[in-house]
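Scroll down for the structure; my scribbles are underneath it.
The values are calculated or read from the model by the stated rules, or taken from the named source; none is laboratory data. None of the values given here were measured: they were computed from a predicted structure. Counting neighbours? That spans all protein chains shown, and the Cβs are built from the backbone with ideal geometry, glycine included. Just the protein is used for accessible areas: all its heavy atoms, side chains included, with ligands, DNA and RNA removed. Shrake-Rupley method; radii C 1.70, N 1.55, O 1.52, S 1.80 Å.
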2 protein chains.
Amino acid sequence: MITSTQFVAEDDRQQPRLGDRVYQQIKERLIRGAHGPGDKLTVRALAEDLGVSSTPARDAINRLVLEGALVYAGPKTVIVPFLDAQALEEITLMRLALEGLAAEKAAARVSGEDIDLLRETQLRINAALDQRRYADALWSNKEFHFAIYRLCGMPHLLATIETLWLRIGASFNDLYPEFAEAKYGVHNHMAAMEGLAEGDSGAVRAAIESDIRDGYRRLKRADRERTSAQTRPD
Amino acid sequence: MITSTQFVAEDDRQQPRLGDRVYQQIKERLIRGAHGPGDKLTVRALAEDLGVSSTPARDAINRLVLEGALVYAGPKTVIVPFLDAQALEEITLMRLALEGLAAEKAAARVSGEDIDLLRETQLRINAALDQRRYADALWSNKEFHFAIYRLCGMPHLLATIETLWLRIGASFNDLYPEFAEAKYGVHNHMAAMEGLAEGDSGAVRAAIESDIRDGYRRLKRADRERTSAQTRPD
DNA sequence: GTGTGATTTTTGTTGCAACATAATCTTGCA
DNA sequence: TGCAAGATTATGTTGCAACAAAAATCACAC
């Protein structure tokens, strides 16, 4: 499980609300691609689906909208957004700036056991790819990145990066094969770990930026193919 | 009034909710320093204060918490956060990354009349400073920055930057004199406008980064004085 | 005075009904 | 067949009461 550091400061609310549970479930569905772009979400349907009243369901939807994982398509219509090429580029630029920063700062605070954990995570990525378990590969890839970003001890930064991943994930995680394409990112990940081991912050940043750019190219290509094949219903 | 582009994509919900009004009012109070760090906000008090029921008041508080403008200090206690030196540095690093990016991209899309508008805004800043109207100076300063950031046409980026300003503003906008100190940022702003006029994206980024760093030094100094003078009640 | 435990008050969350309005369906006409 | 207007359904928002839990207050012993 990724951090779930959803609140910027330490969340002193110990007992999770019902709305949080709903939020997590929708988030999970979005990440797993259970809802594709254009799918409509309603308060009542969600409430009945999860066996809660409308208040927590409404809370969860509002929260997702605020984070950009859902958008209004009309005054009473929230949908999973279509991420067009322009939005994808924008979010990628933000990722480069923010994840690059995180990677750089992480190099200064990394420990030996941190690197060991990263190595294990990378092994899980490789194994999943070898066995064509793309969903698992994607998940471990996420773990790898956030394990690095967590190192720098910047909660605001971490929370912001998470929302960016969610915005992209909602639209693109149904593209496992293309996204996780053969040995996705393995070279960049190795370079990142080397940089961390040597305390070379510039190298870590470069490796992460390269990883993001590689992923961007794949996503852009996938988006082009998708939009050319079937005309988008919007 | 600043954009209020609170929703990432174009907000198709035309009729604003009651909760939005509450949200805007609290945001306004925070920016104006009407609530200092440590102040407690309760749903019922807010609701009665603004003459609405608890639902919109609760919505507004939750939204502010999600944006980091308020934080939980306990399971049932939301307060205006104390921004310590570390958090201030973190947010400054994020601002450098994100506003630097926005400034750079703005240079490629700026028009002549955009620059004219910026010039007018700068005149308002100068006038306000000359007359010691620090609150107005701060407001116009904000307008200046966001007028630039809006140019790049990146709604996700703009929304994220806004939340960063809000997080800092809640803790530091009660420091007008120190913050708006003699001709605050006028040199950097001139450099930014020159860079925009010449389409020199690097120069614009450098000017904005310099402006952010100057502001950071002032805030850090003010914070040091404040925390040394009176022991913080936390 | 000071700390500790019980008691009272306050508070966030949840469920739910009412309301206004937007989305959707139906019907009629060209 | 296409489309426009009216009727119907569905939906988000709001207000409010109930509940559990936390915070604040108070009492009392030391």
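Descriptive notes on the structure:
- Residues being buried (at least 19 other Cβ atoms within 10 Å of the Cβ) and either within 12 Å of DNA strand D (Cβ to nearest atom) or in the same structural domain as residue B:139 (by TED's automatic domain parsing) (or both) - total across the stretch B:18-40: 3
- Some residue of the stretch B:176-188 being at pLDDT 80 or above and crowded, with 18+ Cβ neighbours inside 10 Å: yes
- Yes/no for residue A:98 being within 16 Å of DNA strand D (Cβ to nearest atom) and in contact (Cβ under 8 Å) with a residue 40 or more places away in the chain: no
- Condition met for residue A:111 (open to solvent by less than 30 Å² (accessible area, probe 1.4 Å) and either on the phi > 0 side of the Ramachandran plot or polar (S, T, N, Q) (or both)): no
- The stretch A:72-86, residues that are surrounded by fewer than 21 Cβ atoms within 10 Å (Cβ to Cβ) and at the interface with chain B (Cβ under 9 Å from one of its Cβ atoms): A:72, A:73, A:74, A:75, A:76, A:77, A:86
- In the set A:148, A:168, A:91, A:161, only one residue is β-branched (Val, Ile, Thr), more than 13 Å from every other protein chain (Cβ to nearest Cβ) and under 30 Å from residue A:36 (Cα atoms); that residue is A:148.
- Scan of the stretch B:75-96 for residues that are more than 9 Å from DNA strand C (Cβ to nearest atom) and not hydrophobic (A, V, I, L, M, F, W, C), ordered by number: B:81, B:84, B:86, B:89, B:90, B:92, B:95
- Note on the stretch B:96-108: among residues that are open to solvent by 30 Å² or more (accessible area, probe 1.4 Å) and either under 30 Å from residue A:13 (Cβ atoms) or of a type in the set (D, E, K, R) (or both), the one that is farthest from the other protein chains (Cβ to nearest Cβ) is B:104.
- Residue check for residue A:147: touching a residue at least 40 places away in the same chain (Cβ under 8 Å), of a type outside the set (Ser, Thr, Tyr), open to solvent by 10 Å² or more (accessible area, probe 1.4 Å) and part of a helix (DSSP H, G or I): no
- Any chance residue A:136 is over 19 Å from the mean Cα position of the chain (by Cα), in a helix (DSSP H, G or I) and not polar (S, T, N, Q): no
- When the test is whether a residue is more than 14 Å from chain A (Cβ to nearest Cβ), modelled with pLDDT under 95 and buried (at least 19 other Cβ atoms within 10 Å of the Cβ), residue B:207 does not pass it.
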